[in-house]
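A.B. asks: Please find one structure pasted underneath; my questions will follow.
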Amino acid sequence: MRKLLLLFALAGIFLTSCSDENVLTVSSPDGSINVRFEIDNGKPFYSINQKGKAVIKPSALGFHLQEMAPLTDNFRILKSTKTTFDETWEQVWGEKQFIRNHYNELLIELQEKEGDNRKMNVVFRIFDNGVAFRYIIPQQENLNNFVIMDEITEFVMADDHTAWWIPAYQEHRYEYLYSETKLSEMGSVHTPVTFKTNDGLFLSIHEAALVDFASFVVESLPGNRLKTDLVPWADGTKVKTQAPMESPWRTIQIAEKPGDLITNYMGLNLNEPNKLDDISYVKPSKYMGIWWALHIGKNTFWRGPDLGATTENAKYYIDFASKHNIPLLLIEGWNPGWTTEWYLDAMHEFIFTQSVPEFNIEEVVKYGNERGVKLIGYHETGSNLVNYLNQIDEGFELYRRLGINDIKIGQVGTKLNMKEWHHGQFGVNYYHDVLMKAHANRLAVNFHEPIKPTGLRRTYPNLMTAEGGRGMEYNAWSEGNPPNHETIIPFTRLLAGPMDYTPGIFDVMIKYREGRRVHTTVAKQLALYVIIHSPTQMLADLPENYDGHPAFQFLLDVPVDWFDTQVLNAEIGQYITMVRKDRHSNDWYLGSLTNEKPRNLEVKLSFLDAGKKYKAQIYADGADADWESNPTPVSITEMEVDNNTILNLELAAGGGQAIRFVPVN
Ligand code: NOJ
């Protein structure tokens, strides 16, 4: 199914032009980024410059192993090879249809000078907008099975940059508000972690192609030294592996404008092309759910008078979805095992092979099929994977028999099986195995409480979306997400990949939940559909809150699969304006949003086709809108525009704006 458009792919060997045999250098295709690799007293180091500015100062590389000498020193360069690569490939679905993968590569083969003469290779790929490297432990006599106890990779920063980060090793996984501090004040943080330097660069550290390895978090040490910290197994080891071994890519995005972090596709490029055979079941779509009602307390997950997952309620949602051509419906709490304490850390025993008596799954599926609405399957494991993996085959088989092709899988719990971090090698392998099993059953997956995305959606396009961040639900039962949250996640969590944020709440004051609310205007909720990329995107509010609301039209129109994505303006934590072109029509969509501060943003519509007229359908914050005191007014207007038009986007405090541009004839 994957179509590759190969412009050209070169793999030529260059001459290495360095007189010192312990130093190697390589630049990005446009020459702006330079990497220097050096062996100093047997220890490998790398450093990065961008246009002469130090981005990464000499930083250590290597591993500590269990009961073996470390792979950190005593090395010499055996051989080095430089190649270049340039290809444009087509995404199955995504934020941009055609992606250029252009880099220069330096492969360095190292060998210990003494002792066991073990070998370790490091390969660098230098793009015009960042650097990636991975370790390769080749097959060899003196290193077979081994256990990594620590990865010593450093990112020594040139200064004490401003950083946006969430803390690692916490109860709620990745679900935290971002802090903005100096990097020296971070502690241990998850990736992507993003920085602004004093000389005007934006950097983000993350990883790509995380397979059969522990994810790393970043530890901030004195001297602006950031060090990888592999998330451990319960027994304290980090990675159990054997040669040949390839680590995930360690990535450093480098941008001169914050928006260029978003349109950087290095992470996807570092993953392998689609490996799945028939993916005709993978369909980007919008969906509704018996979901928000459960979080705001209108209905319950558990059985009782207010149970959400009843046949009757499902039909109510199906009727609404069908009327509006919304093809998918998620229903949570449909199966036995839900209690009022389902979210506590305990080995809850959900059942995945039968539904509760109030919910006739066969009848609901049939009713939906007759009306063009399919169910999204739902498995909440409660992180009891012993229980889940005992039933997963039969659970998936049930969905297969019912013709269901989408599934949301939740892992609520601080640790998997109350023992292992979600983000160690155990978790990484668990999510991978479930994804493969899902494909075998023609299921596209939305993981909640996931491992962070690292671009694997390119290789396995049934990996649709994931939570892995603090989403909309926090507004329903906690102090919520402040207005600036959505101005930070595009530059942090969303750099990793699609997020199931579940936007689209129109009843922002949440009439069912006194004292809780969404910190937004309604117009900002519309803008989130353009700002937050997710190929399965929820229309999260209750049908009755959408019914008859004029702004609902935007949610019906906005696509989820894009031809192109551009960032028109942005300041991390303050505002962002993005435009995306529909992959299946010539329509463009604009989303703009701000933090607590009202602002006017001028944008030129130069992304539109020259010489064409477009009808702009504008959904703006209405008169006197303000997220705190007056969140609901939305002004809906139309005007004719072209690519010379300059629009003044007036954003209320905590507000936003969404626009659809439709070509006129
Ligand atoms: C947390 C998930 O994020 C949410 O979407 C889901 O409804 C609950 N867990 C229950 O599984």
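A.B. asks: Size of the chain along its principal axes in angstrom, Cα-based, largest extent first?
C.D. replies: 74, 60, 45
A.B. asks: Which one of Val282, Thr311, Phe396 is farthest out on the positive end of the charge dipole of region 281-469, using unit charges on Cβ (Lys, Arg +1; Asp, Glu -1) and the Cα centre as origin?
C.D. replies: Of the listed residues, the answer is Val282.
A.B. asks: So what's the angle, to the nearest 10 degrees on a 0 to 90 scale, between helix 522-531 and the longest Cα principal axis of the chain?
C.D. replies: Between helix and principal axis, roughly 40 degrees.
A.B. asks: Something else about it: Can you compute the modelled spin-label distance between Asn144 and Lys79, with each label point 7 Å from Cα toward Cβ, in nm?
C.D. replies: With each label placed 7 Å out from Cα toward Cβ, I get 2.4 nm.
A.B. asks: Find, among the GluC sites (Glu not before Pro) in region 569-665, those assigned to loop by DSSP (not H, G, I, E, B) with at most 12 other beta-carbon atoms within 10 angstrom.
C.D. replies: Values: sites: Glu571, Glu596, Glu602, Glu628, Glu638, Glu640, Glu650; in loops: Glu596, Glu628.
Within region 569-665, no GluC sites (Glu not before Pro) qualify (loop, at most 12 other Cβ atoms within 10 Å).
A.B. asks: Please give the contour-minus-distance gain from Glu571 to Ala623: 0.36 nm per residue of separation, less the Cα-Cα distance, rounded to one decimal in nm.
C.D. replies: Value of the extension gain: 16.2 nm.
A.B. asks: DSSP loop (so not H, G, I, E, B), at most 15 other Cβ within 10 Å: list which trypsin sites (Lys or Arg not before Pro) in region 40-115 pass both filters.
C.D. replies: Hits after loop and neighbour filter: Lys51, Lys113.
A.B. asks: While we're on this one: Can you give me the long-range amide H partners of Ser285? Hydrogens built in the peptide plane at 1.01 Å from N, cutoff under 5 Å, separation of 5 or more residues or another chain.
C.D. replies: Thr536, Gln537
A.B. asks: Placing unit charges on C-beta atoms (Lys and Arg positive, Asp and Glu negative, everything else neutral), compute the dipole magnitude of the chain about its Cα centre in debye, rounded to 20.
C.D. replies: So the magnitude is around 1020 debye.
A.B. asks: At 7 Å along Cα-to-Cβ for each site, give me the label-to-label distance between Lys51 and Val386 in nm.
C.D. replies: Between Lys51 and Val386, the simple spin-label model gives 5.8 nm.
A.B. asks: Roughly how large, in nm² to one decimal, is the mean projection of the convex hull of the alpha-carbon atoms in region 98-192?
C.D. replies: So the mean shadow area of the Cα hull is 10.3 nm².
A.B. asks: How much length is gained on full extension from Tyr281 to Ala440, taking 0.36 nm per residue of separation minus their Cα-Cα distance?
C.D. replies: Gain in length upon complete extension: 56.1 nm.
A.B. asks: Still on this structure, I have one more. Give me the percent of DSSP beta bridges within the chain that run antiparallel, rounded to the nearest 5.
C.D. replies: Close to 85 percent.
A.B. asks: If one computes the Cα centroid of region 24-82 and of region 348-398, what distance in Å separates the two points?
C.D. replies: Using only Cα atoms to place each centre, the spacing works out to 50 Å.
A.B. asks: Another question about this same structure. Please give the FRET efficiency for Tyr169 paired with Glu362, using the beta carbon to beta carbon distance and R0 = 41 Å, rounded to the nearest 0.05.
C.D. replies: 0.40
A.B. asks: Additional query: Tell me, in nm to one decimal, what length is gained between Asn369 and Arg36 on full extension, where the rule is 0.36 nm per residue of separation less the Cα-Cα distance?
C.D. replies: 114.0 nm
A.B. asks: OK, next. Would you grab the residues whose amide H sits under 5 Å from the one on Gly573? Only those 5+ places off in sequence or on another chain, please, with H modelled 1.01 Å from N.
C.D. replies: Ile488
A.B. asks: Here's another thing I want to ask about it. In whole Å, what are the Cα extents of region 3-269 along the three principal axes, biggest one first?
C.D. replies: Principal-axis extents of the Cα atoms in region 3-269, largest first: 49, 47, 38 Å.
A.B. asks: Ok, one more. Note down the net charge around His584, summing +1 for each Lys or Arg and -1 for each Asp or Glu among other residues with Cβ under 15 Å from its Cβ.
C.D. replies: 0
A.B. asks: Let me ask something additional. In whole angstrom, how long is each semi-axis of the equivalent ellipsoid of region 41-95, when you take the square root of 5 times every eigenvalue of its Cα gyration tensor and sort them from largest down? Could the numbers behind the result be given before it?
C.D. replies: Working: eigenvalues 197, 74, 44 Å².
After scaling each eigenvalue by five and taking roots: 31, 19, 15 Å.
A.B. asks: Take the Cβ-Cβ distance between Thr340 and Asp319 as r, set R0 to 41 Å, and report the resulting FRET efficiency rounded to the nearest 0.05.
C.D. replies: The computed FRET efficiency comes out at 0.90.
A.B. asks: Another one. Can you give me the long-range amide H partners of Asp150? Hydrogens built in the peptide plane at 1.01 Å from N, cutoff under 5 Å, separation of 5 or more residues or another chain.
C.D. replies: For Asp150, the qualifying residues are His64.
A.B. asks: Which whole-Hz ³J(HN,Hα) couplings does region 27-44 yield from phi under the Karplus relation 6.51 cos²θ - 1.76 cosθ + 1.60, θ = phi - 60°, glycine and proline marked x?
C.D. replies: 10, 6, x, 8, x, 6, 10, 10, 10, 10, 10, 8, 9, 10, 6, x, 9, x
A.B. asks: In units of 2.2 N^0.38 Å, what is the alpha-carbon radius of gyration of region 281-469?
C.D. replies: 0.98
A.B. asks: Could you work out [θ]222 nm for the chain from helices alone, using -39500 (n - 2.57) per DSSP H run of at least four and dividing by all its residues? Round to the nearest 500 deg cm²/dmol.
C.D. replies: Taking each H run of at least 4 residues, the total per residue is -4000 deg cm²/dmol.
A.B. asks: Now a separate question. Using the Karplus equation 6.51 cos²θ - 1.76 cosθ + 1.60 (θ = phi - 60°), what ³J(HN,Hα) coupling, rounded to whole Hz, does each residue of region 260-274 give in order, writing x for Gly and Pro?
C.D. replies: 6, 5, 6, 8, 9, 9, 4, x, 5, 4, 7, 8, 6, x, 3
A.B. asks: Return the sequence-ordered ³J(HN,Hα) values of region 410-425 in whole Hz as given by the Karplus equation 6.51 cos²θ - 1.76 cosθ + 1.60 applied to θ = phi - 60°, using x for Gly and Pro.
C.D. replies: After applying 6.51 cos²θ - 1.76 cosθ + 1.60, I find x, 10, 5, x, 6, 9, 5, 6, 6, 9, 10, 4, 4, 10, x, 4 Hz.
A.B. asks: If I model a spin label as a point 7 Å beyond the Cα along the Cα-Cβ vector, how far apart are those points for Ile636 and Met418 in nm?
C.D. replies: It is 5.1 nm.
A.B. asks: Report the one residue of Phe195, Phe146, Pro248 whose Cα lies farthest in the direction of the positive end of the charge dipole of the chain (charges on C-beta: Lys and Arg +1, Asp and Glu -1; origin at the Cα centre).
C.D. replies: Looking along the dipole axis, the top candidate is Pro248.
A.B. asks: Follow-up. Let's test the formula: R0 of 60 Å, r as the Cβ-Cβ distance of Val662 and Lys113. What FRET efficiency results, to the nearest 0.05?
C.D. replies: Rounded to the nearest 0.05, the efficiency is 0.35.
A.B. asks: Can you list the GluC sites (Glu not before Pro) in region 438-532 that are in a DSSP coil and have 14 or fewer other beta carbons within 10 angstrom?
C.D. replies: Passing both the DSSP loop test and the Cβ count: Glu479, Glu514.
A.B. asks: Okay, moving on. Going by Cα centres, region 525-573 and region 468-501 are how many Å apart?
C.D. replies: 14
A.B. asks: Please name whichever of Val35, Ala54, Gln97 sits farthest to the positive end of the charge dipole of region 3-269, dipole taken about the Cα centre and charges placed at Cβ: Lys and Arg +1, Asp and Glu -1.
C.D. replies: Gln97
A.B. asks: Right, here's the next one. Antiparallel DSSP bridges in region 306-434: what percent, to the nearest 5?
C.D. replies: Close to 10 percent.
Every read-out reported here was derived from the displayed coordinates using simple, explicitly stated rules and does not represent laboratory data. Bear in mind the structure is a predicted one, so any value in this text is a computation, not a measurement. Counting neighbours? That spans all protein chains shown, and the Cβs are built from the backbone with ideal geometry, glycine included.
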